[in-house]
1. Report, in degrees rounded to the nearest 10, the 0 to 90 angle that the Cα long axis of helix 202-213 makes with the longest principal axis of the chain.
2. Could you compute the FRET efficiency for ALA308 and GLU243, with r as their C-beta to C-beta distance and R0 at 30 Å, rounded to 0.05?
3. Just to verify a number: FRET efficiency for THR3 and LEU431, C-beta to C-beta distance, R0 = 25 Å, to 0.05?
4. Any idea what angle helix 350-365 forms with the longest principal axis of the chain, computed on alpha-carbon atoms, 0 to 90 degrees, nearest 10?
5. Volume per residue, Å³, of the convex hull around the alpha-carbon atoms of region 252-383?
6. Please give the peptides 141-154, 182-195 ranked by average Cβ packing (other Cβ atoms within 10 Å per residue), highest first, as a rough proxy for protection.
7. Under 8 Å for C-alpha pairs, at least 6 residues apart: give me the relative contact order for region 223-302, rounded to a whole percent.
8. Any chance you could check the Cα centroid distance between region 496-531 and region 224-283 for me, in angstrom?
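Since every read-out is calculated from the coordinates, none of them should be taken as a lab result. The shown structure was predicted, so the numbers you read here are calculated from the model rather than taken from an experiment. Please note: Cβ atoms are built from the backbone with ideal geometry, for glycine as well, and neighbour counts cover all protein chains shown.
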Amino acid sequence: MATSFAASWLSGAPNAHAFLPDRYRHPDARAAAAAAAAQRAPDPALVAALVRQNAALPPSPARDRHLDDLARPGTIAVATGQQVGLFLGPLFTVYKAAAAIAAARALSRETGRPCVPVFWLQTEDHDRPEIDHVLVPRATGAPLRLALPPDDLDPRVPVAHRRLGPGVQAALDTLDAELGHEPHARALLDLLSAAYTPDATFHDAFARTLAAVFADDGLVFLNPRDPAIARLAAPLHRRALLEAGPLSQALAQRARALTDAGFAAQVHIRPGAPLAFFSPDAVDGPRYRLDPTATPDRWALVGHPADATVTTATLLDALDADPLRLTTSALLRPLLQDTLLPTAGYVGGPGEMAYFAQLGPLYDALDLPMPLTIPRARFRVVDDRARALLAKLDLTPADLAQPREALLTRLAARAADDGFDPPDAVHDRLLAALAPELARLGALMTALDPNLAKAVSRTEDGVRDALSKLVAKYGRALGQRDHVALERLDRARAFLHPDDAPQERVLGLPYFAARLGTKTFARLVVDACVPFSGELRDLTP
């Protein structure tokens, strides 16, 4: 089984750092990355596009200052990005933005250079089911899942061209019914209702909301689905297309090296593929991955209903006439980001760290310096309700990451009464009775025939294993007797470790914003960010 690259990398494992150095930890390396980024001034056309895009968002003097900074030579950027999920999607979206803001401030302090936090809206993606929902914790039971009904567009249409539709009002109404009693629910619902209208696109609603949340911090937004930006992206797409063979060969070699080191390649490398998608019909039509065919200079549109192909000449003509028809893959997107921006660092999650471990050869081949890869902030919110549950259970927030059965056994040990001994005591008593007899029998059998030693050892291990399993069942049965504790445990797990996953990957912002206030929660997160850390921290508002 492959080892998690991100976990190894964060823990300082040398075999992970061989693929992705941990330069973000070292002030000298951070200064070098900033100096290299400062040499790459953004194109004036990009700055003009960003000014135009951000002018459509809620006003922010801090954002305006950052846009002015980007127009000046020597300014650098810390970028992050995310899919444009309903009501901002999982909590880690907010944590990414906050971590980019904190890292930009820290780099600016360390280097004396203006540093701008930039949020890349991932609007070229076409996976609507990943962004059409949000989960909200409830007082009892599993989180509430709010989801938009499917639309009528081809599933391969980029989300930039998808509108929320009338179903978003039902989602807002359900949110109101669920959270309307919370102290800051009205302000949150007003914010969401102003952005999430049926005619709004996913990315417009997302950007308006996140821009309002971080207006005081000057977070700048970049939407690549823009004609001016697409023209600036065209040279990168051209190189990726014309050099597809050697680029994919270098990436495949890196993927093999990762596998040999015990890690899984995050992205499968297709031989000869140009790391791009093409929309053959229109800018707002379905897009298809490009794969090479047996015919030189002809590419398959993977998944096309008519198994259509396209020539290199057609793709190059599209880059000249309508470059929005070519879109990036997961591996090419970071290269586009760093072609456009003076990126000193990128804030990403575990999956993105694994992407960057694959990307070194691509940066080298395309003559781009790789930015610092900075782990995003990780938080677990433990509010007053969660703290009350944990106190009654005598558990810590970290305990909730344990399997439910293990926690039931722990609770059973504390709740044992009415003549039922704690599971640990039962286990120790049985083992104390059995172990001497097993040892005595083993000694006799070994004396009779030394070849029986292995059989004795296996039997002893089997008895101990069977005993542990039996006592575990006893503990679970004992734990089930305390229905109040069981209900509290399930409520605490649904809040702090829902669906056996970290809270930040499952639950969304609305509950926390309704209870604490949207900007208050954002300020709590920004203030709690420790730049260049990546450690999991508890927030206890």
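1. Orientation of helix 202-213: about 80 degrees from the principal axis.
2. The formula returns an efficiency of 0.80 here.
3. Working: r = 34 Å, r/R0 = 1.37.
Efficiency computed from Cβ-Cβ geometry: 0.15.
4. Helix 350-365 sits at roughly 40 degrees to that axis.
5. Given the Cα convex hull of region 252-383, per-residue volume reads 179 Å³.
6. 182-195, 141-154
7. 22
8. With region 496-531 and region 224-283 each reduced to a Cα centre, they are spaced 34 Å.
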